[in-house]
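Okay, structure first, notes after.
Just so it is clear, none of the values below were taken in a lab; they were calculated from the coordinates. Everything numeric here is computed off the predicted structure, so don't read it as measured data. Quick reminder, even Gly has a Cβ in these numbers, built from the backbone with ideal geometry, and neighbours come from all protein chains shown.
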Amino acid sequence: MARSRYKVYDSNYPYFITCTVVNWIPIFGNPLFRQIVLDSLLFLIQNKRIALHGYVLMENHFHAIATSENLIKELGLFKSYTARSIID
């Protein structure tokens, strides 16, 4: 299993998360790619895998405040799925 730079000490509290695009390429300016991220977040929320308290999606990065029983795992799956969908 890959190591994560994220540290979650208590799943009862919200955590501030930042995800960046490699080389800060402004891909989220494209409505199609932006929608992939938003649909992925909606899926996680509807399936009660995360509680999203707030987010902002910029052209080349993403900030969120979220809570989850296994935030590191859910974040990894979110990033993997969205990256693969955008590349495809």
Query raised in the report: Per 5 Å bin, what is the whole-percent P(r) computed from every C-alpha pair distance within the chain?
Result: 3, 13, 26, 27, 19, 9, 3, 0
Query raised in the report: Are there trypsin sites (Lys or Arg not before Pro) in the chain that DSSP puts in a loop and that have at most 12 other Cβ atoms within 10 Å, and which ones?
Result: Arg3, Arg5, Lys7, Lys48
Query - Exposure proxy ranking, count of Cβ atoms within 10 Å, fewest first, for Phe33, Phe28 - result: Phe33, Phe28
Query raised in the report: Sorted from fewest to most neighbouring beta carbons within 10 Å, what does the list Ser68, Ser11 look like?
Result: Ser11, Ser68
Query - Leu57, Leu42 arranged by Cβ crowding within 10 Å, fewest neighbours leading - result: Leu42, Leu57
